[in-house]
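Here the structure is laid out as structure tokens; the discussion comes afterwards.
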Amino acid sequence: MPKPDPTEHDLYVSPLVTRNASRRMSSIFGPTHRIKTWRRLWIALAESQKKLGLDISTRQIQQLKKAADTIDFIAAARYEKDLRHDVMAHLHAFADGAPAAKPILHLGATSAYIVDNADLIIMRDALILIRDWLVNAIDRLAKFAKKYKSLPTLGFTHYQPAQLTTVGKRASLWCYDFVRDLEEIQYRIDTLPFRGVKGTTGTQASFVELFQGNTAKIDRLDASVAKAFDFKSTEPVTGQTCTRKVDAQAVSSLAQIAASVHKFANDIRLLANLKEIEEPFEAKQVGSSAMAYKRNPMRCERATGLARFVISLSTSPLQTAAEQWLERSLDDSSNKRLVIPESFLAAEGMLKIVTNVAEGLVVYPKVIAARIDAELPFMATENIIMAGVNAGGDRQDLHEAVRHHSHEAGRQVKEYGNPNDLLARLSSDPLFANVDIRSTLNPKQYTGRAAEQVDNFLTQCITPIRRKHRKSLGMKADLHV
């Protein structure tokens, strides 16, 4: 009895595709897009060579263009089984569909012309999509920051109660990290160089032969192919491949985003424990299979895990760049096939989560206010002392009274679990008889310029981003599961 063909449930499929990244990002790194990009590069090379006087006919170019989108992956697999060379396998499969062009296909080129240039095109496409998700995450967090710019909340340093800030000001800190990431990604997009047409070891020797020593034509060929793919420049020098530091820089930029995601997601997880802010929780969502009451921050936990993965991947391209021997070695290929796509797929997945969470964050002002009430009496003691001085008291006597009462109130809280009774203790102390203690306890007195800082941040940083990237706004961050 014949063995059934594997179904989609028989083989491992990366959860980055099934659970995290969008179809668009997955398709950018998919085989169809990659091979179509290879074919566009072969066509661009032939067209540029024809314009520069090589004996290439219009019929040959037309056949290549007609066959470009019809990829016979089965035929390519057969070729690769024999040739053990993926580029040559697809070259032969392409030539099968454009037989007249077979003699001039890949003329003077090396595999790196196809693979490296295609990888750069694909990487740029992926960077643009990452940029667009960053813009949307920034936009959602900025809206949240504006809405809650004046809502006082207890600040924490060392995860210990500190001075007050506002919910919106805290959100502006998350947002600003992503603004810096956006600047980094835009820089990578703007400065990403094309490998260009460089030959087998980067010397362009094969093109010197093709153009009979006319180096001006070789330079024009290099620029022409780059222009066909909208690259502003080509690498000034290469070995057989372009420097693998390009990959390292791109993945390092994604790791920077991962650090921002990790910080944001962890903060939300901490605040969820405090019951101050939570990620969205759907009506039928289950927090725990055993503890039905739980509302676990699973989206932020997933984002944290993806961020950790991207950060860990950032070292691999650096090792690859360091390991390239002389003009090149092939230990980069198998590594790149894993690290580059998965870095981008995971980065997009975590940014989708950030965008989704930021859009649906739930704030509990009464819980926030209760925590302020528990801690504010301690923070207000300096203002209470100053009010006592203004009422005619001795500063040193007032300070000693506050020190004594605050330590005793703290002991009641820590040792016996009692409420903070510092205000009651101060109110009953004759030294503070002429002090309106309650007037010193408006939380907004203790948030400094937080609300103003949010407004300034939105004006200076967010408005220009929204204006520049308005066409990218409004992306919907649907999560797969």
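The values are calculated or read from the model by the stated rules, or taken from the named source; none is laboratory data. Predicted, not measured: the structure shown is a model, and the values here were computed from it. Cβ sites come from the backbone with ideal geometry, for glycine too, and all protein chains shown count toward neighbours.
Looking for whichever is within 26 Å of V362 (Cβ to Cβ), in contact with a Ser or Thr (Cβ under 8 Å, 6 or more places away or on another chain) and either outside the structural domain of K468 (by TED's automatic domain parsing) or charged (D, E, K, R) (or both) here; the options are R140, R244. Which one fits?
On the way: R244 fails: within 26 Å of V362 (Cβ to Cβ).
So the residue among R140, R244 that is within 26 Å of V362 (Cβ to Cβ), in contact with a Ser or Thr (Cβ under 8 Å, 6 or more places away or on another chain) and either outside the structural domain of K468 (by TED's automatic domain parsing) or charged (D, E, K, R) (or both) is R140.
Can you tell me how many residues in region 195-223 are among the small types (G, A, S) and either closer than 20 Å to D125 by Cβ or surrounded by 19 or more Cβ atoms within 10 Å (Cβ to Cβ) (or both)?
Just the residues of region 195-223 that are among the small types (G, A, S), to begin with: 196, 199, 202, 205-206, 213, 216, 223.
Those left that are additionally either closer than 20 Å to D125 by Cβ or surrounded by 19 or more Cβ atoms within 10 Å (Cβ to Cβ) (or both): 196, 199, 202.
Residues flagged as among the small types (G, A, S) and either closer than 20 Å to D125 by Cβ or surrounded by 19 or more Cβ atoms within 10 Å (Cβ to Cβ) (or both) within region 195-223 amount to 3.
When both residues are 6+ apart or on different chains and their Cβ atoms are under 6 Å apart, which pairs have a first residue that lies in region 21-35 and is free of Cβ contacts under 8 Å to residues at least 12 places away in the same chain, and a second that is surrounded by fewer than 21 Cβ atoms within 10 Å (Cβ to Cβ) and assigned to a helix (DSSP H, G or I)?
S27/H33
Could you please tell me which pairs satisfy a Cβ distance under 8 Å, a separation of 6+ or placement on different chains, a first residue in region 351-362 that is in the same structural domain as F264 (by TED's automatic domain parsing) and outside any helix (DSSP H, G or I), and a second residue that is surrounded by 19 or more Cβ atoms within 10 Å (Cβ to Cβ) and among the charged types (D, E, K, R)?
Note: pairs meeting the criteria are L361/E278; L361/E279; V362/E278; V362/E279.
Determine which single condition Q396 fails, assuming it passes every other condition in (1) in a helix (DSSP H, G or I); (2) touching a residue at least 40 places away in the same chain (Cβ under 8 Å).
Only one criterion in (1) in a helix (DSSP H, G or I); (2) touching a residue at least 40 places away in the same chain (Cβ under 8 Å) is unmet by Q396, namely (2).
Kindly establish whether L345 is assigned to a helix (DSSP H, G or I), without any contact (Cβ under 8 Å) to a residue 40 or more places away in the chain and in the same structural domain as F309 (by TED's automatic domain parsing). Spell out how you get there, then give the answer.
Numbers: assigned to a helix (DSSP H, G or I): yes; without any contact (Cβ under 8 Å) to a residue 40 or more places away in the chain: no; in the same structural domain as F309 (by TED's automatic domain parsing): yes.
Considered against the rule, which asks whether it is assigned to a helix (DSSP H, G or I), without any contact (Cβ under 8 Å) to a residue 40 or more places away in the chain and in the same structural domain as F309 (by TED's automatic domain parsing), L345 comes out as no.
Of everything in region 9-36, what is under 22 Å from T355 (Cα atoms), among the basic types (K, R) and surrounded by 12 or more Cβ atoms within 10 Å (Cβ to Cβ)? Give them in sequence order.
Taking region 9-36 as the starting set, the residues that turn out to be under 22 Å from T355 (Cα atoms) are 15-28.
With the extra rule that they be among the basic types (K, R), the set shrinks to 19, 23-24.
Once the filter is applied, which keeps residues that are under 22 Å from T355 (Cα atoms), among the basic types (K, R) and surrounded by 12 or more Cβ atoms within 10 Å (Cβ to Cβ), region 9-36 yields R19, R24.
Residue pairs, Cβ under 6 Å, 6 or more apart or interchain, first in region 116-131 and in contact (Cβ under 8 Å) with a residue 60 or more places away in the chain, second of a type in the set (S, T, Y) and not in a helix (DSSP H, G or I). List them.
Every condition considered, the pairs that remain are D116/T241.
Quick check, is M88 assigned to a helix (DSSP H, G or I), within 30 Å of I353 (Cα to Cα) and among the aliphatic types (A, V, I, L, M)?
So M88 fails the test.
Residue check: is A145 free of Cβ contacts under 8 Å to residues at least 60 places away in the same chain and either outside any helix (DSSP H, G or I) or buried (at least 22 other Cβ atoms within 10 Å of the Cβ) (or both)?
Details: free of Cβ contacts under 8 Å to residues at least 60 places away in the same chain: no; either outside any helix (DSSP H, G or I) or buried (at least 22 other Cβ atoms within 10 Å of the Cβ) (or both): yes.
Here the answer is no, as A145 does not meet what is asked.
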